[in-house]
Amino acid sequence: MRVMIVEDEPNIVESLSFVFSREGWQVAAALDGDTAIERLLSEPPDVLVLDVMIPPHSGFEVLKRVRSEASLKALPVLVLTAKGQEQDRHTALRLGADAFVTKPFSNRDIVQHVRELAGVNGSAAEPPGSGV
Amino acid sequence: MATPLIGLKIRDRRKEIGLTQTELAGRIGISVSYLNLIEHNKRSIGGRLLQQIAEELDVGLEVLDGATERRLVSDLNEVLADPLFDRLRLDPGSTGDLVGRHPGWAQALITLHRAFLDRSQAMHALADRLNQDPFLGDAIHRILTNVSAIRSISEILTSVEDVDAEQQHRFHTILSEESARLSSAAQGLSTFFDKAHTATRSTTPAEEVDDFVLENGNHFPILEEAAGRLRLRLGETPRVMEERMLEALAEDHGLRITRAAPENEAHYASRAPLRYSPHNKRLLLLDSAPAASRRFAVARLLARLSFAGEVEGIISASATLTTPAARERAAIALQSYCAGAALMPYDRFLEDAVKARYDIDLLRRAYSTSVEQVCHRLVTLRRPGSEGLPFAFLRSDPAGYVTKRFPLPNLPLPRYGGTCPLWAVYRAFQMPETVVSQLAEFPSGDRFLFVARAVAKGDAAYGQPRHLLSIMLACEALYADQTVYGDRLDLSAAAPADRVGATCRLCARDDCPQRQEDVIIKSQSAGRGGPGLAAE
């Protein structure tokens, strides 16, 4: 399975990449929205993990673009929002997000959400060293 | 309007000097039964009759009038109108009794309520900041991001056993970096709240200054005298006056004065007509500021620098001003008072006001001052033995925020907005720069002349909204014929008047189409309540 992380904080990208790799997933990452769109179009992932607060225009712009592209319309999107930002959740939902995880998140939660969105069976896909 | 304490005071004083009702009634030429009604607060009195009684009882009018107590009653009624007390079903008629018997407790309640409102406002201001401040939004996002990274890495380090040494070192480095960023973000947040705290507007100092001015009847003889001395140096015509004030600032106080030409004024976003820097003694005058505002500002600065001792003396003697912020506000108010007194000298201004029948525009032109300056000065004409008409003063912005008030004993002016929208002070916003006069009748039957005018403060730059304020003078309808504003009004008792109230919660007019809130007072026996509370 291929997961793409769109997040402007390199240390979060690094930790999530580590966690996702441990699950046996291929990881791609983008630190800004424009790069994200470019990579999404060239190599569509199975799940997109998308932070709301990314440059240059916010994760919502990326989400809008994803939903307007025929090839990406069905791509499962997990949105990372800040805790308590209800408005962000409403906006993401309206724009077609499939799930949310609020910061600060636990690795276990985020992995579980990605599995569910990808339709991966947790126990079957569980590689050694998982459960982070 | 019934005043709860006059009757009691008359009766106490009459007994104190050993007069019978019959004797006193005979001396002032009224029936014994009428005097009896007065003493039991069943009839309200004022004017000539009250003066006669005061003379016969050999006491000052202010003793019988009980202005302080009535102010307490009025303030207490406003406390009572707070929805906070809805469930307690407090009897509004008992405020007069409470003030009469326990004035200290009444004051304590009012003080507590004001402190409560102050804290509520501060809380709302902080809540607004939390919700809307871009710095906060950004700081919280940064903190959550740092915490997310720390949490994620920590989870890896504690739950994954086979992380190689190099990767472990990398994760430790990330933890260290993110912790440092988190500390920095937290410190930024802490600094922000320190500043937010000092910037939170507190209403308490304003309330204290309000009370301080009321206690002094908005008349300060020491400042009148000081302003009189200043005036002798200033000459007569406005232009000469301004030049001489600037000379005094330069010569007496060593200020370096520069003028900003209109084309350079774009740098000075403030609406203030002058800028004074005490540390380098520089004064910058904005030439394009309205002349009256600039002259007044110069006079206020001169008063500030010339009469600091007098102002400090008055402030130190006051027990009402308890905080540094209140004392600072009071100093500014007294400096403005002094400026008004210098530009509009008491005796001449009073004479002109009487001659002009309190025509604000005539006085404004004669003294080259603004509408607000004239109205404010009219309210300060309270020198015993040489008084002008007793006026109340109210200044409001279009949102109903009362920014200045001076009530009359029987015309309470709410402190916290929510005043009756039918008052001329609000109507004036519909016709800026036009005088709106109104004969207003309260549910008690008391009638007042309201004269209001919405004025633009300063000059708004292109594209900026005008800063409108409505200024209102009010006096008892009894005196309306002494003003030009009464000329077009039918002042006879039977004439129709605009039916107004104090605030919805204190107004008994059930059928008012402007009602926004339910009244807390359904019925009340006449004479028991405080100002503005008597039943129709």
For chain B, what is the calculated [θ] at 222 nm in deg cm²/dmol (nearest 500), taking -39500 (n - 2.57) for each run of four or more DSSP H residues and dividing by its residue count?
-16000 deg cm²/dmol
Sorted by average packing, counted as other Cβ atoms within 10 angstrom per residue and highest first, what order do B:448-454, B:226-232 take?
B:448-454, B:226-232
Relative to the Cα centre, what is the charge dipole magnitude of the range B:61-185, using +1 at the beta carbon of each Lys and Arg, -1 at the beta carbon of each Asp and Glu, and rounding to the nearest 20 debye?
360 debye
Under unit Cβ charges (Lys, Arg +1; Asp, Glu -1), what dipole magnitude, rounded to 20 debye, does the protein assembly as shown have relative to its Cα centre?
2020 debye
Ascending count of other beta-carbon atoms within 10 Å, so fewest first, for B:LYS42, B:LYS9
B:LYS42, B:LYS9
Restricting the calculation to Cα positions, tell me the Rg (one decimal) and the Dmax (whole number) of the range A:6-95 in Å.
12.6, 34
Using alpha-carbon coordinates, inclination of helix A:59-68 to the longest axis of chain A, degrees
90 degrees
For the range B:203-343, report the convex hull volume of the alpha-carbon atoms normalised per residue, in Å³, without decimals.
119 Å³
Ordering of B:138-150, B:28-40 by packing [mean C-beta count within 10 Å, highest first]:
B:138-150, B:28-40
Take every residue in peptide A:45-53, count the Cβ atoms of other chains within 10 Å of its Cβ, and give the average of those counts.
1
For chain B, give the magnitude of the charge dipole about the Cα centre (Cβ charges: +1 Lys/Arg, -1 Asp/Glu; no others), in debye to the nearest 20.
1040 debye
Among B:PHE135, B:PHE349, A:PHE60, B:PHE391, what is the fewest-to-most ranking by other Cβ atoms within 10 Å?
B:PHE135, A:PHE60, B:PHE349, B:PHE391
Rank the residues B:HIS279, A:HIS90, B:HIS467 as a footprinting-exposure proxy: fewest other Cβ atoms within 10 Å of their Cβ go first.
B:HIS279, A:HIS90, B:HIS467
Taking every residue of A:13-21, the Cβ atoms of other protein chains inside 10 Å of its Cβ average out to 4
By how many degrees, between 0 and 90 and to the nearest 10, does the Cα long axis of helix B:204-215 differ from the longest principal axis of chain B?
20 degrees
Over the whole of A:98-109, what's the average partner chain Cβ count within 10 Å per residue? Rounded to a whole number, please.
4
Where the centroid of each part is defined by its Cα atoms, how far is the range B:375-402 from the range B:1-54 in Å?
29 Å
Picking from B:ALA54, B:ALA297, B:THR258, whose Cα lies most toward the positive end of the charge dipole for chain B (charges on Cβ: Lys, Arg +1; Asp, Glu -1)?
B:ALA54
Any idea what angle helix A:33-42 forms with the longest principal axis of chain A, computed on alpha-carbon atoms, 0 to 90 degrees, nearest 10?
70 degrees
Rounded, prolate or oblate: which fits chain B when a ≥ b ≥ c are the square roots of the eigenvalues of the alpha-carbon gyration tensor, with rounded for a/c under 1.5 and prolate only if a/b beats b/c?
oblate
Looking at the range B:320-401, which trypsin sites (Lys or Arg not before Pro) are in a loop (DSSP not H, G, I, E or B) and have at most 10 other Cβ atoms within 10 Å?
none
For the range B:6-106, count all C-alpha to C-alpha pairs, find those more than 18 Å apart, and express that count as a whole percent of the total.
51 percent
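Values quoted throughout were computed directly from the atomic coordinates according to the rules given, and no laboratory measurement underlies them. Bear in mind that the values here come from a model prediction, so they are computed numbers and not experimental data. Glycine gets a Cβ as well: all are built from the backbone with ideal geometry, and neighbour counts include every protein chain shown.
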